[in-house]
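The values are calculated or read from the model by the stated rules, or taken from the named source; none is laboratory data. Please read all numbers here as calculations on a predicted model, not as lab measurements. Don't worry about glycine lacking a Cβ; one is built from the backbone with ideal geometry, like all the others, and counts go over all protein chains shown.
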Amino acid sequence: MNSFFHKAPFIRIAVPFASGVAFGLWAQPDARQTVLLFAGGVAAAALLVIFRKAWISYRLNPRFGLIAATSFFLIGAAWAGYRALNLRYDRHFQSQDALYTGRILREPLKKKKTYAVDIQLYGAFSEQGVPRPADAVVRAYAHPDLRPDTLRPGDLIFFGNQPVPHRKPPNPKQFDYGAYLRSQGILATVYLKEGCAFARGDGSFSGPTVFFETWRQRAIGLFAERGVSDRERGVIAALVLGKRDMVDAETRSAFTDAGTVHILAVSGLHVGIIYFFAAWIIGRVVRGRRLGWLRLVAALALLWLYAGIAGFSPSVLRAATMFSFIAAGREFGRFGNIFNMLAVSAFLLLMIDPFLIQSVGFMLSYLAVTGIVLIYPVLYPVWIAPHWVLDKIWSLIVVSVSAQAATLPVTLCFFHQFPNYFLFANLAVIPLATVLLYAGLAAIVLSPLPFLSDLVFKVAEYTAFLLNESVSLFGKLPHPVSEGLYITGPEAALMYVATAAAVLAVRDPRGGRLRTAQGVLLLLVLLFSGRKLKDAVRTEGYIFHVEGGTAVALFRGDHAVFSLSDSEMPGSEAFEFALSGFASHKGMRTFQTGSAVGVKKFSGSTVAFARDQDELNRALATECDFIIFSGPDFDPAKAEISRVKKGTAVVIDGSVPFYRRSGLAAALRNAGLSVVVTSESGAIRL
C-alpha cells in the first residue's frame, strides 16, 4: 500500500479534498461557518509546516498524514461552501429590478411548447432607472411567437420579467432539475413574454462560452449545408462535437436501451484520438529537442480548443487534463502514474468547479477509467487469443466488461436499469463510432475542398446511418433492458468493496482474500434481501403532485395501484417525469390503473375526488380523510365548501390551474379547514 501511494502521492490530497467538497455542497455552510472551515484547514496546514522536521519519524508519520487529510478536507468544504454562497438567488436578483440585460450563451433549444435559452446577465435597472451590475446565468423559456429560433450565441436580450429561483422537486425520488441547473451555474429561470427585445451581437468577443458555441454551431451547420439528415446530424453533433441536445428522443432511447448511450458523450476516446493525431502532425512539422516546448504548446492548444468546442463536459475536462500531463511527459521524458494523473486532474477540476462532483457524468468518467486500469489487467490474461483479430475482439470485450463493472453501482443508483445486450452492442457500435469520429472531424477540416470534402461528408453520413441502425436493432431485441433495479447508497458502496475484493482475490488468492470477497458479497445479499423483504410487507399510499393532472398511488411490494387523470397514464411524459423515480425506487414491476373519480381506499385512508360540485356533494356524503379538489373546471366561488367537515384534510392538486389555487386555498382556510396545496408542500403520504 505504501508503494502504491509512493507512486501516486496525489491521491492523498485529491481524496480528502473531494470528500470535503462533497460535504460542503451537502451541508451548505453559511458565511461564518465557511470562514471557520477555512480557518481550520489553514490551522491544520500550519501544524504541518511548524512540525515538518518530525515527518522523518516513521512512528509519527500516520499522524501527520491524518492532519494533512483533515486540512485538505476542511479547505475543500470551505471552497465548496464559498462557491455555493455565490450561487444564492438573493445575491444576484433584487425585487426592485425592472429591466435585465444579457447576452445569449448558446443556441436556443426547442422544447415541446417553448424554446430554452441560456442568458448571461450583465446588468439590471431599477424602476427609477438606476443601473447595477449583474453577473448570473438564467435559463429563459421563450414562446415561439417571439422567434427565439432566430437567436445566435452572442446576441443581446432585454427583458423585464423577474427570474424566479429553482423549485425543489415536489415528489420523493423525483429528478431534481433545479439542482441540476444550479450545478451547471444556472441560478434561476424566467418565462419571456411580450415586451422583451433582442439585438444582434456586434461580433466582439463575449467570453469563452459564446466563442466556442459559435464555432460549434458553424461546424454543425456544415453538415446541414451538405444535406445530412436530422437524425444522422444529431448523432454526429453529439459524438464529434458534444452537442447532445440535437439527438431526438427516439434515437437517445435506442442508445440507452442498447447500453451504448456513452457513445453520444465526447469522452477520453475522442480526446485521445484528437491528441495523438495532433501530436503526430506537430511532430512532423516541428522537429528537434530544443523545440519540445513549442510542440507541447501547440498540442495543448489544439487539445483544449477541441475540449472547448466539445462543450467542456466533465468527461472531456477529465480527458483533456490527463492528456495534458501525458503530453508534458512525452516531451520531457517523464511518464506519471495513471492514478496520480487521475488524482491531479480531479483535484484541478474541483478547484475550478466544485459542482462537478455532483455530476453523474463526472463520477462515471473517473470510475470507467479506474475500472479499466484495475480490472483489465486481471481479466485480459484469462484467455490468450490465437489470432490477431480475435485478440482485438477479446480486448474490446474486456474493456467493456471492466468499465461496466466499475460504473454499474452508480448506474443502478441513479438510472435503475441495466442494458442486457451492452457487450454485443459495444462490439458493433464502438468500431463504427471510431470511424464516425475520424470521418466527422475530417469532414470539418476538409470542408473548404470541394470534391474531397463531399466524399468525406458522405462517409460520415452513411457511417452515422449504420450506427443508428445497429443501435436500433439491439433495441428491438426481446427484453433489451432490465428496469426497476434500484439500490441504495450503502448497497452501492458494498458492491464496490465486493468488486475490489474479488479483483484482489483473483490477482492473489492467498491470505484469505477470496473469503473476504465472499463475506462482503454475502453481506450485500443480506442487506439487499432485507430491504426487499421489508418493502414487500409494507403498504404505502401517496398523493403526488403532477402539474396539470391527478395522481394517487398505493404501493404494496413491487405492485402499485394508481388512480390517475387520463393524461397521466403510465408511459406518458407527465407520469415519467413526476413518478418514475419513486416507482423505480419501489421496484415497481406490475401496476393497476383506474380513474381518479369517486371515493377510494388507500392504505387505510379514504380519499374522495371532487372535480365539480356534484362530485363534492357525493364526497361530503361519506366519511373521508382526504378530499382532493381537482380538475380545471372547479370554481372556488361556486363550491359549497362550508359543508366540508372539520378534520377532513383538503388537498388542492396539480390539476387545478395555478391561477385558481391561491384563491381556493384562501377560501378553504377562511372556513377553518386544513388545506394542503401539492405544488407548495409536495407529495402527501397517506
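The helices (runs of 4 or more DSSP H) found entirely in segment 227-315 that carry 2 or more residues being among the basic types (Lys, Arg) and over 17 Å from the mean Cα position of the chain (by Cα) are 230-241. Any residue at all in segment 483-491 that is surrounded by 14 or more Cβ atoms within 10 Å (Cβ to Cβ) and part of a helix (DSSP H, G or I)? Scanning segment 483-491, I find at least one residue that is surrounded by 14 or more Cβ atoms within 10 Å (Cβ to Cβ) and part of a helix (DSSP H, G or I), so the answer is yes. Screening segment 579-632 for strands (runs of 3 or more DSSP E) wholly inside it with 1 or more residues that are in contact with a helix residue (DSSP H, G or I) (Cβ under 6 Å, 6 or more places away or on another chain) and either over 15 Å from Phe544 (Cα atoms) or of a type in the set (Asp, Glu) (or both) returns the ranges 605-610. Among the residues of segment 414-465 satisfying the criterion of being in contact (Cβ under 8 Å) with a residue 60 or more places away in the chain and among the aromatic types (Phe, Trp, Tyr), which is surrounded by the most Cβ atoms within 10 Å (Cβ to Cβ)? Filtering segment 414-465 for residues that are in contact (Cβ under 8 Å) with a residue 60 or more places away in the chain and among the aromatic types (Phe, Trp, Tyr), the one surrounded by the most Cβ atoms within 10 Å (Cβ to Cβ) comes out as Phe457. Looking across segment 331-343 at every residue that is modelled with pLDDT under 80 and part of a helix (DSSP H, G or I), the one that is surrounded by the fewest Cβ atoms within 10 Å (Cβ to Cβ) is identified as Phe332.
One line per residue, one yes/no per condition, for (1) surrounded by fewer than 22 Cβ atoms within 10 Å (Cβ to Cβ); (2) closer than 15 Å to Ile444 by Cα:
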{"position": "Gln217", "(1), (2)": "yes, yes"}
{"position": "Ile236", "(1), (2)": "no, yes"}
{"position": "Gly242", "(1), (2)": "no, yes"}
{"position": "Met246", "(1), (2)": "yes, no"}
{"position": "Thr256", "(1), (2)": "yes, no"}
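Of all residues in segment 183-203, those that are on the phi > 0 side of the Ramachandran plot have Cβ atoms under 6 Å from Cβ atoms of residues that are part of a strand (DSSP E or B), 6 or more apart or on another chain, in Gly185/Val137.
Does Val552 qualify as being surrounded by fewer than 19 Cβ atoms within 10 Å (Cβ to Cβ) and outside any helix (DSSP H, G or I)? Spelling it out, it is not the case that Val552 is surrounded by fewer than 19 Cβ atoms within 10 Å (Cβ to Cβ) and outside any helix (DSSP H, G or I).
Whether any residue in segment 155-175 is exposed (fewer than 14 other Cβ atoms within 10 Å of the Cβ), under 26 Å from the mean Cα position of the chain (by Cα) and of a type in the set (Val, Ile, Thr) is what I want to check. Checked segment 155-175: at least one residue is exposed (fewer than 14 other Cβ atoms within 10 Å of the Cβ), under 26 Å from the mean Cα position of the chain (by Cα) and of a type in the set (Val, Ile, Thr).
Table: residues versus (1) part of a helix (DSSP H, G or I); (2) modelled with pLDDT of 85 or more; (3) out of contact with any Gly (no Cβ under 8 Å at 6 or more places or on another chain); (4) assigned by TED's automatic domain parsing to the domain that holds Asp176.
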site: Gly329; (1), (2), (3), (4): yes, no, no, no
site: Phe355; (1), (2), (3), (4): yes, yes, no, no
site: Gly361; (1), (2), (3), (4): yes, no, yes, no
site: Val401; (1), (2), (3), (4): yes, yes, yes, no
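Counting the residues of segment 644-678 that are in a helix (DSSP H, G or I) and buried (at least 18 other Cβ atoms within 10 Å of the Cβ) gives 5. Taken together, the residues in segment 9-41 that are among the β-branched types (Val, Ile, Thr) and in contact with a helix residue (DSSP H, G or I) (Cβ under 7 Å, 6 or more places away or on another chain) amount to 4.
Quick check, is Ala596 in the same structural domain as Ser655 (by TED's automatic domain parsing), buried (at least 20 other Cβ atoms within 10 Å of the Cβ), closer than 24 Å to Asn171 by Cβ and within 37 Å of the chain's Cα centre (by Cα)? Yes; evaluated as a whole, the condition is true for this residue. Looking at Ala310, is it touching a residue at least 40 places away in the same chain (Cβ under 8 Å), within 29 Å of Leu408 (Cα to Cα) and surrounded by 24 or more Cβ atoms within 10 Å (Cβ to Cβ)? So Ala310 passes the test. Checked against (1) in a helix (DSSP H, G or I); (2) in contact (Cβ under 8 Å) with a residue 60 or more places away in the chain; (3) in contact with a Lys or Arg (Cβ under 8 Å, 6 or more places away or on another chain), Asp535 meets all criteria but (2). Answer yes or no as to whether Leu356 is out of contact with any Pro (no Cβ under 8 Å at 6 or more places or on another chain) and either of a type in the set (Asp, Glu) or crowded, with 17+ Cβ neighbours inside 10 Å (or both). In short, no.
Which residues, counting only those in segment 176-214, are in a helix (DSSP H, G or I) and either of a type in the set (Phe, Trp, Tyr) or exposed (fewer than 14 other Cβ atoms within 10 Å of the Cβ) (or both)?
If we filter segment 176-214 for residues that are in a helix (DSSP H, G or I), which is where we start, we get 177-183, 208-214.
Within segment 176-214, Tyr177, Tyr180, Pro208, Phe211, Phe212 qualify.
State the number of residues belonging to segment 559-574 that are at pLDDT 75 or above and over 19 Å from Val650 (Cβ atoms). Residues meeting the conditions: 5. Within segment 517-532, not a single residue is more than 18 Å from Arg685 (Cα to Cα), exposed (fewer than 13 other Cβ atoms within 10 Å of the Cβ), among the small types (Gly, Ala, Ser) and at pLDDT below 80. Of all residues in segment 398-413 being over 12 Å from Ile375 (Cβ atoms) and either surrounded by fewer than 18 Cβ atoms within 10 Å (Cβ to Cβ) or not polar (S, T, N, Q) (or both), which is farthest from the chain's Cα centre (by Cα)? The extreme case among them is Pro409.
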